[in-house]
Amino acid sequence: ANRLAHHLAGLGVGPESRVGLRLERSVENVVATLAVLKAGGCCVPVDTSYPAERMTLMLADSAVRVLLVDGELAAPLAGSDLHVIRLDQAAEVLAAAPDHAPQANASAENLAYVFYTSGSTGRPKGVMMGHREVVQLACVIEYMRMEPGDRVAQASNVSFDAAVFEIWGALLNGATLVGIDRDVLLSAPLLGQALREQGITHLYQTAALFNQHVREQVDVYASLRHLVFGAEAVGTESVRRMLREGRPGHVLHEYGPTEATVWCTLEEVHEVAEDAPTVLIGKPIPNARAYVVDPAGEPLPVGVPGELCMGGAGVVRGYLGRPGLTAERFVPDPFAAEPGARMYRTGDRARWRAEGKLEFMGRVDDQVKIRGFRIEPGEVEAAIAAYPGVREARVMMREDQPGDKRLVAYVVGSVETDGLRAHLRQSLPEYMVPQAIVVLDRLPLTPNGKVDRKALPVPEYAADADRYVAPRTPTEEVLAGIWAEVLRLERVGVQESFFDLGGHSLLATRVVSRVREVFGVELPLRAMFEGPTVAEMAGRVDAAQEAMAAELAQVDPDEMAQLLALLHESTTA
């Protein structure tokens with residue numbers, strides 16, 4: 001990290017300089033993050049799964065001139081004026097650099113990170129997070145003490161703000177950071193095994209992943225000392241089951257936008273009443289302040305819903321290059337004692353409970369959260385409007401089945417849905433591509449001329465009947481049944497893409513789990529993304545079973561007879 005920091009400083013990286021990090025969860029990512037901050041610069045994490053168009057937009061918006069990558073750089077970026085450093089090929093260059101820490105000259109007020117979130121104006125916005133806010137999150141944690149010997153899971157995507165807590169919570173408190181592979185993270189049995197074998201003490205999970213894992217294996221988190229979950233509303237029944245049958249040492253429900261540094265309120269959950277509609281988001285963490293106010297900014301009494309505003313040490317600087325939006329959302333804090341204090345208007349509705357805790361009650365605008373991702377429908381609508389033939393579009397979240405939140409686009413115009421979906425994937429990350437696109441002659445309106453959301457039809461996630469291809473083998477027939485069960489469809493053809501039928505990464509883990517149960521083969525989650533049709537999955541399953549049969553055929557018959565005899569003795573003893 002020191003050598004790379006000197007190399008970056010030689011390229012002009014210093015305080016307020018933004019450096020892109022296009023890296024997976026890895027040792028290289030931690031080294032790169034340390035190096036950027038040691039040089040005095042600011043990290044701009046970029047999700048490796050983002051399409052090139054979105055990646056290019058983010059790098060240009062943040063004025064990144066140096067980009068750290070591991071492995072092949074995406075071809076569309078190869079012609080840019082970025083100075084790209086491939087960490088897997090930098091050993092010779094770094095060996096010539098000094099191995100002591102450079103003089104960084106960065107202060108607590110300088111930027112440490114810029115994280116990009118969805119923007120209502122049609123383009124993502126960069127949230128500027130300083131060193132002071134990172135320290136506030138990672139070091140002021142009496143509620144969840146970390147110390148040498150503790151083992152913290154690095155389970156979040158590095159472009160997700162929760163990674164700040166994982167990385168710096170561990171490193172600034174002397175704990176060990178343990179990387180968790182994506183395939184393991186998304187599988188409840190594999191994750192539970194990894195948590196036990198690796199001796200993990202602290203883990204953060206999004207509410208969507210928490211809900212799914214508890215449904216599949218209720219004691220998946222039982223070995224932990226601290227479990228933190230949040231990022232969206234959580235199912236009360238999942239929490240109750242986990243507390244009854246698989247409780248870890250401490251269960252913490254968090255709330256907080258990136259603009260208030262990852263999370264700013266916490267509730268330690270001991271029980272959830274049978275009639276409770278939600279799990280409380282608790283009280284502000286140390287050095288944070290929470291206010292529930294009316295539209296005029298006046299504080300509201302206990303029990304009255306209003307907009308939740310956050311003040312204190314976790315409030316970040318604002319939005320990069322967006323002074324107007326910064327002034328709108330980051331406003332003077334009239335309740336603070338210190339001069340110049342600001343508070344962040346979250347856009348969330350909440351109310352104080354009589355016991356002095358906060359209850360989350362939704363949004364005051366159209367922003368939604370799906371599987372932990374913050375999505376501004378306006379950004380998706382802007383991308384749809386750029387497609388030829390679209391006259392009008394509305395995007396909304398639907399929850400037609402309890403706990404199953406899906407993004408749906410209603411489009412007016414002469415539009416071919418497959419082409420529109422392919423167009424969106426060129427500029428939007430996968431989680432922002434609507435799982436259903438409904439083409440209408442016109443949008444239903446209320447008497448006041450607004451879109452009548454209640455009159456919008458329930459989307460159908462099945463593909464065109466003309467494209468249906470029936471299963472042709474026993475494996476395809478079983479797999480088609482599994483897919484139909486997971487996707488809640490009457491039938492699934494063998495050539496239809498799982499993701500075009502409304503599937504997403506969490507539902508894909510259910511398919512992989514059912515394949516394990518039914519066929520006795522372990523396929524990685526990436527198999528669903530590499531071959532998202534029943535036909536392609538059937539080929540992988542058949543190949544895996546053939547490989548298992550070939551391995552059994554190579555076992556010596558005498559050895560097998562001895563093993564069976566030992567097994568018989570052990571079962572009859």
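The values are calculated or read from the model by the stated rules, or taken from the named source; none is laboratory data. All values reported here derive from a predicted model rather than from experimental measurement. No Cβ is skipped: glycine too gets one built from the backbone with ideal geometry, and neighbour counts run over all protein chains shown. Areas reflect the complete protein model, heavy atoms only, side chains present, ligands, DNA and RNA absent. Shrake-Rupley method; radii C 1.70, N 1.55, O 1.52, S 1.80 Å.
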State yes or no: is Glu416 open to solvent by 20 Å² or more (accessible area, probe 1.4 Å), farther than 30 Å from Val228 by Cβ, at pLDDT 85 or above and of a type in the set (Asp, Glu)?
yes
Search region 258-275 for residues being modelled with pLDDT under 90 and open to solvent by 10 Å² or more (accessible area, probe 1.4 Å), and hand back the single one that is nearest to the chain's Cα centre (by Cα).
Val272
Out of the residues in region 370-408 meeting the condition of being of a type in the set (Lys, Arg) and open to solvent by 60 Å² or more (accessible area, probe 1.4 Å), tell me which one is nearest to the chain's Cα centre (by Cα).
Arg394
Any residue that is touching a strand residue (DSSP E or B) at 6+ places or on another chain (Cβ under 6 Å) and either under 25 Å from Arg322 (Cβ atoms) or of a type in the set (Ser, Thr, Tyr) (or both) - is there at least one of those in region 144-154?
no
Within region 36-56, residues being of a type in the set (Lys, Arg) and either under 18 Å from the mean Cα position of the chain (by Cα) or closer than 27 Å to Ala383 by Cα (or both) number 1
Only one of these conditions is not met by Val411: (1) part of a strand (DSSP E or B); (2) more than 23 Å from Tyr255 (Cα to Cα); (3) open to solvent by 40 Å² or more (accessible area, probe 1.4 Å). Which number is it?
(3)
Before we move on, is Ala327 assigned to a helix (DSSP H, G or I) and over 27 Å from the mean Cα position of the chain (by Cα)?
yes
For region 125-169, give me each residue that is surrounded by fewer than 22 Cβ atoms within 10 Å (Cβ to Cβ), part of a helix (DSSP H, G or I) and among the charged types (D, E, K, R).
Arg132, Glu142
Just checking, does region 172-183 include any residue being assigned to a strand (DSSP E or B), touching a Phe, Trp or Tyr at 6+ places or on another chain (Cβ under 6 Å), in contact (Cβ under 8 Å) with a residue 12 or more places away in the chain and of a type outside the set (Asp, Glu)?
no
Is at least one residue of region 342-356 of a type in the set (A, V, I, L, M), open to solvent by less than 80 Å² (accessible area, probe 1.4 Å), closer than 23 Å to Asn211 by Cβ and at pLDDT 80 or above?
yes
Selected residue (only one of Val486, Val458, Val494 is farther than 29 Å from Pro189 by Cβ, hydrophobic (A, V, I, L, M, F, W, C), in contact (Cβ under 8 Å) with a residue 24 or more places away in the chain and not in a strand (DSSP E or B))
Val458
Before we move on, is Val46 under 21 Å from Glu166 (Cβ atoms), in contact with a strand residue (DSSP E or B) (Cβ under 7 Å, 6 or more places away or on another chain) and open to solvent by less than 10 Å² (accessible area, probe 1.4 Å)?
yes
